Amino acid sequence: MARIGTSWNEIEPGDIITFKYKSKSTGKSRTQTILVLNPKWVSTRSRKGTTEEKVFHLIGLKLAEQGIRTIKEGAKVVTQLFNRLGTVVPIDESKDIYRVDMKKADLFWGGAKETVYRRIRYLLGKEPIYRTYDWKEAKKNAVYYETIPLSEGTKRQFFGTKNIEGEREG
């Protein structure tokens, strides 16, 4: 699968990225592929005493781990998610690298608003793919825009009836 390297500061909501992440529960590093909803969400955490500490999180929908899809129903659910979140646009169509261009009204301070989560909640109930990652831990490793192979029918659905490679016009 083709990838395009990028930096953590370039990641935006709607990007489909791959990175290695060391789980706190197992201690093992595994390759994660996610659709980013919020690249650097900030929260506060109370420390001993009265000080509060800012903590950053990467929030997304887990599409695959170690190259194995996490969504059981596969392409149907992914297509529904992408359609509910925005418009699929190519980053590099020759390498099958796409992103979901989310509506500006759905974004706030560089991340998805609560309305986005409500819009996809019923799909998340079927597929437990919502994930929050420790941003400091995630950014320790390289990040890539990831290939998402789409069938010709799915490409037609996302991009209209324009001539797709290998098809005849007519």
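The values are calculated or read from the model by the stated rules, or taken from the named source; none is laboratory data. Since we're looking at a predicted model, the values are computed, not measured. Using ideal geometry, Cβ is built from the backbone for each residue, glycine included, and neighbour counts are taken over all protein chains shown.
Overview of results
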quantity: Residue satisfying all of: in segment 30-59; free of Cβ contacts under 8 Å to residues at least 60 places away in the same chain and hydroxyl-bearing (Ser, Thr, Tyr); farthest from THR147 (Cα to Cα) among these; calculated: THR50
quantity: Verdict on THR115 being free of Cβ contacts under 8 Å to residues at least 60 places away in the same chain, among the polar types (S, T, N, Q) and surrounded by fewer than 18 Cβ atoms within 10 Å (Cβ to Cβ); calculated: yes
quantity: Within segment 98-154, considering residues that are acidic (Asp, Glu) and under 24 Å from ALA2 (Cβ atoms), the one nearest to the chain's Cα centre (by Cα); calculated: GLU146
quantity: Selection count where residues are surrounded by 14 or more Cβ atoms within 10 Å (Cβ to Cβ), in contact with a Ser or Thr (Cβ under 9 Å, 6 or more places away or on another chain) and hydrophobic (A, V, I, L, M, F, W, C), scope segment 89-112; calculated: 3
quantity: Residue in segment 4-20 that is at pLDDT 90 or above, surrounded by fewer than 19 Cβ atoms within 10 Å (Cβ to Cβ) and either farther than 15 Å from VAL143 by Cα or of a type in the set (Lys, Arg) (or both) present; calculated: yes
